[in-house]
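Heads up, the thing below is written out as structure tokens.
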Amino acid sequence: MNLLKKITPIFFISLMLILQSCSSCDNENPTARVTNQGTDDVSVQVKTSGGNTENINNIASGQSSVTTSYAPGEITYTVVLKNGTELVKKIDVNFCEDYVVIVKSDNTIDITSTPRD
């Protein structure tokens with residue numbers, strides 16, 4: 001009986017470690033999409049810490065862009081409203097995260113992330 005009491009915690013700890021190591025995301029690049037809840041069309045420039053730039057143009061109010069993938073690191077999002085106003089937000093993006101850049105109805109930026117399992 002004492003042996004069973006000693007083995008049981010080791011068994012459960014081992015089981016938990018095995019289940020955690022079965023994650024479906026293995027250092028995959030993060031993804032991002034832009035959702036425009038603002039009052040006007042927006043275009044977004046995405047600049048990575050590696051110097052790469054990608055443009056997502058003409059996202060209509062109430063619409064979302066396609067999901068794209070970037071290398072992890074510091075990302076600078078520059079959102080340009082149709083009237084020329086620029087909104088800038090920098091964040092560090094990580095492996096295995098899905099990000100949504102939201103242009104809110106008051107024309108501010110909010111960024112949310114969801115871990116990918």
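Structure values in brief
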read-out	value
Of (i) 2, 12, 23, 27, 22, 11, 3, 0; (ii) 2, 10, 15, 15, 11, 8, 6, 5, 5, 4, 4, 4, 4, 3, 2, 1, 1, 0; (iii) 2, 11, 19, 18, 13, 9, 6, 5, 5, 4, 4, 3, 2, 1, 0, 0, the label for P(r) over Cα pairs in 5 Å bins from 0, in percent derived from the coordinates	(iii)
Relative packing of 70-78, 107-115, which averages over residues the other C-beta atoms within 10 Å, highest first	70-78, 107-115
Spatially close lysines, pair count over the chain: Cα under 26 Å, gap of eight or more or interchain	8
Accessible surface, per residue, of the chain when the full set of protein chains is kept, probe 1.4 Å, Å²	64 Å²
Extended-chain gain in nm, criterion 0.36 nm per residue less alpha-carbon gap, ASN2 and GLU74	20.6 nm
The range 23-42 and the range 64-84: distance between their alpha carbon centers, rounded to Å	8 Å
Sorted peptide list for 51-61, 89-99, 37-47, criterion being average Cβ within 10 angstrom, highest first	37-47, 89-99, 51-61
Formal net charge of residues neighbouring ASP40 (Cβ-Cβ distance under 14 Å; K, R +1; D, E -1)	-1
The range 38-107 - percent of accessible surface contributed by carbon and sulfur, probe 1.4 Å	42 percent
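The values are calculated or read from the model by the stated rules, or taken from the named source; none is laboratory data. All of these numbers come straight from a predicted model, not from anything done at the bench. Positions of Cβ are backbone-derived with ideal geometry, glycine not excepted, and every protein chain shown enters the neighbour counts. Quick note on the areas: whole protein, heavy atoms, side chains included, nothing else; ligands and nucleic acids left out. Shrake-Rupley method; radii C 1.70, N 1.55, O 1.52, S 1.80 Å.
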